[in-house]
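Step one of this worksheet: look at the structure below.
Read-outs: derived from the displayed coordinates by stated rules, not from any lab. All of these numbers come straight from a predicted model, not from anything done at the bench. Here the Cβ positions follow ideal geometry from the backbone for every residue, glycine too, while neighbour counts run over all protein chains shown.
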Amino acid sequence: MRVWLVSLWLLLPSLVSAEDEGKNEVALLSTVLLFGSNAESEANGGVPKAETGHVERLSKVTGLKYSHYQKLGEDVQPIWRSYTNWASPMKGSEEILLSFEPNSEPGERGLRLDLELWVSRRKIMKSTQVLQHHKWLYISGPKWRGGQLIIGVELLEPQQRAQ
Amino acid sequence: MKSERQEELLVRWMDDELNEAEGRELEELLQEQPELRALRDQHALVRRDLREVYTQGDDIPYGDFFQSRLQRAIAEEENTLETPAPKAATGWKEMFRWWLAPVGVGAMALAFLAGTRVASGPEAEMVAAGGDSPLLYTPEGGITAHYQAVDDAGANVIFIEGLAAFPDSLDLMAGSRTEDESDLHLVRHEQKVF
């Protein structure tokens, strides 16, 4: 009897957490922190170049068009059904953070998302919009070292985590 | 018919709660005031539409915003109703003017809920994804944001203006951080007042 009770006590937390549907992943949010500049930055030496896809897209965006793009960091986080989650595209830094939570059920083409941009630990912008699959959202960030920080956000299906 | 009884009958009539005997009792009053039927129809219409748009058990979206709008509307209605009534008004007629407030507020709630329901439904997502601009909010004064869909790039962009530059000395890769809120990273202005 005592063994039963102990086992039940140990299993209880996992049973309770399993019932919390609010923690279900409805999608994934891929975030990336890019640095655009018109001169190859020596100060950011060793930082990898941004993927070609980002370069091609951003080169068509007036206002974010630069000759060089580097990728400072990236992060992929789950979008929970009922909870706010955070992404930190610059790992180890709190200067650029994103918080997000769903505002609708995920549909075939996307998900309505409440997205907040935090810069230097202060909320700068909140948006409510439909994020579409395979369509990046870029947010212009602060100027820095002669260039500009650019935050990229993409909606992923939950099964795309490992890709 | 006593005024209190008239009020009770009118209230229950509005909510479709009269039994047959009470209905006959009220008929006398309706013959004197036929315009009450039109008001009741209006009330019933709002109530029906509210039920269609808003199902019980759903969380009200943007609850704080909705509540503040509702309170303001009620306050405005109260101000309107506080104006001196014509001397000829009887007790139940005075009471009946209060029905105008719920009907008006109900219509506003209906419009709000219909809008949010459309906005959060799957069909509306398609509409929004097809070109509607997102809602953008910038709490810091002096900072603005605008949205641009760049179709040929296959991307959308939010441009944020008024954001102060990071100092070159800030080493993001090393995880260094800004000193405090009063440093150079943000231009501090007064909070926006809505």
>> Six or more apart or on different chains, Cβ atoms under 8 Å: show the pairs whose first residue is in the stretch B:157-175 and more than 7 Å from chain A (Cβ to nearest Cβ) and part of a strand (DSSP E or B) and whose second is aliphatic (A, V, I, L, M) and surrounded by 15 or more Cβ atoms within 10 Å (Cβ to Cβ).
In response: B:Glu161/B:Ile143; B:Glu161/B:Ala145
> What is the residue count in the stretch A:116-135 for residues that are facing chain B (nearest Cβ under 8 Å) and in contact with a Lys or Arg (Cβ under 6 Å, 6 or more places away or on another chain)?
Replying inline: 2
> Scanning the stretch A:104-115 for residues that are more than 7 Å from every other protein chain (Cβ to nearest Cβ) and surrounded by 20 or more Cβ atoms within 10 Å (Cβ to Cβ), which turns out farthest from B:Asn156 (Cα to Cα)?
Replying inline: A:Pro106
>> Checking the conditions here, which among B:Glu17, B:Glu28, B:Glu22 is loosely packed, with under 15 Cβ neighbours inside 10 Å, more than 34 Å from the chain's Cα centre (by Cα) and not small (Gly, Ala, Ser)?
In response: B:Glu28
> Take the residues of the stretch A:80-101 that are assigned to a strand (DSSP E or B) and surrounded by fewer than 20 Cβ atoms within 10 Å (Cβ to Cβ): which is farthest from the other protein chains (Cβ to nearest Cβ)?
Replying inline: A:Asn85
> Quick one: what pairs do we get from the stretch B:1-29, first residue under 14 Å from B:Leu39 (Cβ atoms), second exposed (fewer than 15 other Cβ atoms within 10 Å of the Cβ), C-beta under 7 Å, 6+ apart or different chains?
Replying inline: B:Leu29/B:Met1
